[in-house]
Amino acid sequence: MTGHALATARPAHRVSMLAALAMLLAAGALLALSIGPYPLAFGDVLAALAGQADAQAQLVIWNIRLPRVLGAMLVGAALAAAGASYQVMFRNPLVSPDILGVSAGAALGAVCGIFLSLPLLAVQGFAFLGGLGAVALVIFIASSVRGVDHTLALVLTGIVVGALAGAATSLLKVMADPYDQLPAITFWLLGSLANATGSDLMPVLPVVLIGLIPLILLRWRINLLALGDDEANALGVDASRLRLLVIAAATIITASVVAIAGVVGWVGLIIPHMARLLVGPSFATLLPVAAVLGAGYLLLVDTLCRTLATVEIPLGILTAIIGAPFFLWLLARGRRGYT
Amino acid sequence: MIAAGALSIGHGRTLVGQAISLEVEAGEIVCLLGPNGCGKTTLFRTLLGLIPPLAGRVLLDGRDLTTLGRSAIARRMAYVPQGHVPPFPYEVEEVVLMGRSARIGLLSAPSVLDHEVARTALARLGIGDLAGADYSRLSGGQRQLVMIARALAQEASILVMDEPTASLDFGNQARVLSRIAELAHAGGHAVLLSTHDPDQAFALEARVVLMHDGGLLADGPAGDVLTPDRLSEVYGVPVRVERTASGRHVCAPALTKAHSLGLLK
């Protein structure tokens with residue numbers, strides 16, 4: 001029974017796997033910094049980072065590419081970490097962070113902001129609050145449902161609230177100014193880091209960290225949620241309280257990055273799969289590996305978005321074009337537990 | 001160790017059973033027998049503190065269950081569910097380590113000692129070589145033994161087992177029952193298990209609690225409780241109890257024709 005080709009890595013291998021992935025990510029980030037309409041050699045990138053390159057290179061690296069590269073890595077890492085948490089918590093490898101309506105709520109918030117012609121910072125704030133609000137509403141409704149399994153109630157309520165938010169978003173799109181507001185709305189709904197600046201990232205970073213800290217601290221205990229409520233309770237863990245905490249943490253993480261990048265699908269669904277394939281399901285190693293893989297994946301996708309064509313390609317389009325076939329490939333391989 | 005008095009059980013306002021009194025002592029095996037839907041699962045969930053009793057109380061080492069926190073209960077009493085397939089491919093040792101939850105700090109990961117306890121528990125059940133195997137790929141019998149190992153890693157003195165031999169083949173049933181007997185007789189555990197096979201109660205020389213329609217019909221040694229009349233009444237089919245040449249009792253239901261089914265009820 002242990003003879004199958006892809007036995008999960010032993011603990012020592014998991015650490016070296018994480019180290020290898022982190023180095024690969026750093027190399028990828030350097031590469032991404034050198035690519036663009038104004039190509040730079042590796043040496044120039046390093047010199048610019050150290051503040052010793054010419055003014056032009058300094059400007060390109062510090063003001064344009066570095067915020068974008070860091071933004072892509074932050075958003076990817078956050079979505080993958082949130083996805084890994086949601087999948088363990090719902091005991092279902094097909095769950096993405098959107099399941100409780102966080103993206104739909106954030107989208108509605110952002111579209112409201114754009115519709116009201118608010119400044120960018122307010123649009124981002126609306127998106128963040130919209131995401132939190134949608135999930136809070138889902139938790140509130142699901143907790144008042146009796147006689148249905150709590151997890152099922154959450155998922156069903158999430159679908160309903162997500163659909164309502166989607167309908168409201170569509171209504172605003174119909175009512176929006178087709179020349180000025182509608183393109184902005186459409187672009188936001190497909191996700192993009194084209195406008196990410198250092199000042200956008202700064203407020204988001206601490207919020208993502210606030211969400212990550214409980215996940216890191218509870219990294220071992222979160223595994224118990226994969227057993228189901230009765231078993232976790234009988235093992236001495238208050239499953240519903242733990243789940244609520246994990247939902248809150250993962251939602252804060254997702255809402256904060258969706259606020260700056262828009263709706264970016266697929267990352268939170270497929271990256272945790274890849275991470276489990278590499279290091280197994282144990283959450284303590286799954287979380288960091290998923291975060292690093294997610295950072296690398298979105299870095300790759302965003303670099304393609306800004307270099308593949310003369311116009312910016314929205315992130316959501318490429319994450320789906322790359323993610324969907326990859327997911328089908330995972331399914332077709334049919335390995336239990338990974339699919 | 002565990003004692004329930006005048007217990008009414010159920011979910012919310014739905015009463016499933018009442019007037020249930022039950023005690024299990026250290027070193028004792030109690031088999032809970034009863035037809036499908038008689039309330040065994042609800043009784044177990046109440047005894048484990050997963051749902052509150054509607055009336056009466058459960059005492060764990062003399063303390064009311066409702067006054068104990070989840071981890072305090074888990075340090076005294078372990079639940080052995082049927083060996084199910086989890087959604088993710090955890091390693092066997094990781095699954096057994098989860099039994100340590102109540103003894104590991106909220107924010108901590110298992111220590112070297114916890115790993116040692118987990119491996120010892122696996123070795124005690126004769127499956128030490130499975131530590132690194134993928135739990136989701138084990139056979140049903142192996143999974144059940146892993147669930148028992150997890151309960152041992154929990155270091156609780158009371159073991160509550162939900163149909164530990166359900167869906168196991170003939171050989172695995174005997175293997176799992178042998179380990180359970182060892183745990184009670186040599187390990188001093190108090191074991192409460194549910195089963196659909198009265199022969200197992202004879203094999204384990206256990207005390208039998210017979211449950212019917214939400215109440216306890218009889219409580220005592222297997223030989224006293226499992227009479228042909230009682231079994232026929234509870235299960236609704238004619239049952240004979242016979243003594244084999246080696247002196248053990250076995251139950252044999254008579255097969256009936258379709259049109260006579262239910263006439264005994």
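Read-outs: derived from the displayed coordinates by stated rules, not from any lab. Owing to the predicted nature of the structure, the values given are computational and were not obtained by experimental measurement. Positions of Cβ are backbone-derived with ideal geometry, glycine not excepted, and every protein chain shown enters the neighbour counts.
Here are the numbers:
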| read-out | value |
| --- | --- |
| Size of charge dipole - chain A - debye, nearest 20, with Cβ of Lys, Arg +1 and Asp, Glu -1, no other charges | 840 |
| The protein assembly as shown, dipole about Cα centre (Lys/Arg Cβ +1, Asp/Glu Cβ -1), debye to the nearest 20 | 200 |
| Residues in segment A:70-88 reached by a label modelled at A:LEU49 [backbone nitrogen below 19 Å; 7 Å Cα→Cβ] | A:70-77 |
| Around A:PRO67: net Lys/Arg minus Asp/Glu count, Cβ-Cβ under 12 Å | 0 |
| Cα-projected label distance for A:ARG333 with B:ALA218, points at 7 Å along beta-carbon direction, nm | 5.7 |
| Kirkwood Rh and Cα Rg combined as Rg over Rh, evaluated for segment B:2-226 | 0.96 |
| A:LEU31 paired with A:LEU171, simple spin-label distance in nm, labels 7 Å along Cα-to-beta-carbon | 4.7 |
| Estimated FRET transfer efficiency (A:SER143, B:VAL237; beta-carbon r; R0 51 Å; 0.05) | 0.70 |
| Long-range HN-HN contacts of B:HIS11 with modeled amide H, under 5 Å | B:VAL16 |
| A:VAL160 versus B:GLU155: modelled label distance in nm, points set 7 Å from Cα along the beta carbon direction | 4.7 |
| For B:ALA55, residues with placed amide H under 5 Å, excluding near neighbours | B:SER8 |
| Potential lengthening between A:PHE42 and A:LEU152 on full extension [0.36 nm per residue; Cα-Cα distance subtracted] | 34.5 nm |
| Hz values of 3J(HN,Hα) by residue in segment B:135-149 - Karplus curve (6.51, -1.76, 1.60), Gly and Pro given as x | 4, 6, 9, 6, 6, x, x, 5, 4, 5, 5, 5, 4, 5, 4 |
| Residue with peak Gaussian network fluctuation, chain A [Cα springs, cutoff 10 Å], from A:ALA77, A:ALA284, A:ALA26 | A:ALA26 |
| Check: segment B:1-153 dipole with +1 on Lys, Arg Cβ and -1 on Asp, Glu Cβ, in debye | 400 |
| Inter-chain Cβ neighbour average for residues B:70-83, partner chain, 10 Å | 3 |
| Rounded to 5, the percent of DSSP beta bridges in the protein assembly as shown classed as antiparallel | 60 |
| For chain A, calculated [θ]222 nm from helices alone, where every DSSP H run of n ≥ 4 adds -39500 (n - 2.57) | -24000 deg cm²/dmol |
| MRE, 222 nm, helices only [DSSP H, n ≥ 4, -39500 (n - 2.57), over chain B, to nearest 500] | -9000 deg cm²/dmol |
| Extension reserve of the B:ASN36-B:LEU107 stretch, reckoned as 0.36 nm per residue once the Cα distance is removed | 21.5 nm |
| Relative contact order [Cα under 8 Å, 6+ residues apart], segment A:11-333, whole percent | 29 |
| Theoretical FRET efficiency, 1/(1+(r/R0)^6), r = Cβ-Cβ of B:ALA55 and B:ALA186, R0 35 Å, to 0.05 | 0.40 |
| Percent antiparallel among DSSP beta bridges (both partners in chain B, rounded to 5) | 60 |
| Ordering of B:185-198, A:244-257, B:165-178 by burial proxy (mean other Cβ atoms within 10 Å per residue, highest first) | A:244-257, B:185-198, B:165-178 |
